[in-house]
Each structure stands twice: as structure tokens, then as C-alpha cells.
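Let me begin by presenting the structure, written as C-alpha cells, before commenting on it.
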Amino acid sequence: MLTLELFEDSPDTPAGSRTKDLNLGKLWLLTELKRLGMDDFDTVYVLGSWYGSMGPYLLDKHIKFNTAYLVDIAPKNTEWVQQMVKKLGINDRIIPVTQDCNTTDYKGRRILVINTSCNDVANEGWFEHIPAGTVVALEGRDNQPDNPTNVTQDLSSFHAEYPLEETYVLDQIQLKGYDDSYNRFLKIGLK
């Protein structure tokens, strides 16, 4: 069984997954998708979803979709998300899945793949398995010297690490994290 240690600055708790900087990153990503007119999908896959905060944000930011799968390798995370989406009454559209995202089998015609945890999810196939023609929205960050998973240092290396057929957004913002400032990178495009 593969285990994943999260190297996020925030505590590994539902509240830690919703710190101001992480929320701002998610809102930035969704705002850019909406601005681009990329807001109508059959299926959304959120890789490395942690405690699932992207699920309600998808609905709140008016991204249209039939089903969103929140994929995380940790059963404790997806169990918590199952309870959350049931309490919110959105469990018919937002489905937590306990799975290594490197083995995700993508289904659907109009697919959006979101990974706001590129620095924390080892790329052992997750990016390569995304079908051609899929809209992808990726976030990474610098300033994680203790993270052996991915060592993105700047926006240009982040861009090179995830080649797309077409790139519509490639940008960065500076955020104040749990205990430090860092640059969050955003890349949106077509695989």
C-alpha cells in the first residue's frame, strides 16, 4: 500500500485545508476558469483533494458539471469528505474517491482535471494519464525545501514540468501561508 505524507505548511486537518492562502489559490483558479469561459463540464476530477474544499467551491463559483470526483489517497480524508458532502446535500454530484491519482481512469467527454497539490502529489503517471483534449487547471508553489516529492522552484520550471497543447493562463501570486510567504503558480490549458 502506498502512503503519502503531505508537506503542506498548514496542519493536516479539515480546518488546515481551508487556510486563507489555500482558499485564495482555489478561488483564483476558479475565477480564471470562469473568465476564460471554461465553466461547463460533464465531469470534474480534483486530484489530491485532501479534505475536499474544492468541491463546494466548484458549486459556489458556478462551474457547471454533472459529477465531480474528489480523489485522495488517504481514507481518513475521503471519509471526512463523504460526511461533509452528505451534510451539505451535495453527495449526488460531488463524490469522494479513495485512490492513488496516478491510477485514475478518466471518463466523460468534457472533462476538467484540477490539481492544486502538484507539489504534494508525486507524478508517477497522473499527468500522463489525462486524456488529450482535457482542460487542466494546475497549481504549485515554491519554497518547499523539505518536500522530496516535487522540487518546482519557479514559474518557468512549473510550466516545463506540465506541458500542454495550449496554455491559456500561466501566472503566479504571492501568498502568506500558515507560517511563511510563497509564490503560488497557476497553469490552465488544454492537454
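The values are calculated or read from the model by the stated rules, or taken from the named source; none is laboratory data. Keep in mind it's a predicted model, so treat the numbers as computed, not measured. All Cβ positions, even for glycine, are placed from backbone atoms using ideal geometry, and neighbour counts span all protein chains on display.
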**Q.** Pairs with Cβ under 8 Å, 6+ apart, first in the stretch 74-89 and in contact (Cβ under 8 Å) with a residue 40 or more places away in the chain, second surrounded by 12 or more Cβ atoms within 10 Å (Cβ to Cβ) and among the β-branched types (Val, Ile, Thr)
**A.** Ala74/Thr98
**Q.** Selection within the stretch 69-97 - closer than 18 Å to Lys107 by Cβ and aromatic (Phe, Trp, Tyr)
**A.** Tyr69
Q: Would you point out which residue out of Val71, Val46 is closer than 22 Å to Asp171 by Cα, buried (at least 23 other Cβ atoms within 10 Å of the Cβ) and not hydroxyl-bearing (Ser, Thr, Tyr)?
A: Val46
**Q.** the stretch 111-140 - residue that is under 14 Å from Val46 (Cα atoms) and among the charged types (D, E, K, R) and, of those, surrounded by the most Cβ atoms within 10 Å (Cβ to Cβ)
**A.** Glu139
**Q.** Selection status of Leu164, over 16 Å from the mean Cα position of the chain (by Cα), modelled with pLDDT of 95 or more and crowded, with 18+ Cβ neighbours inside 10 Å
**A.** yes
Q: Please go through the stretch 1-49 and pick out each residue that is at pLDDT 80 or above, in a loop (DSSP other than H, G, I, E, B) and out of contact with any His (no Cβ under 7 Å at 6 or more places or on another chain).
A: Leu36, Gly37, Met38, Phe41, Asp42, Gly48, Ser49
Q | Members of the stretch 91-110 found to be crowded, with 16+ Cβ neighbours inside 10 Å, out of contact with any Asp or Glu (no Cβ under 7 Å at 6 or more places or on another chain) and in contact (Cβ under 8 Å) with a residue 60 or more places away in the chain, listed by number | A | Asp100
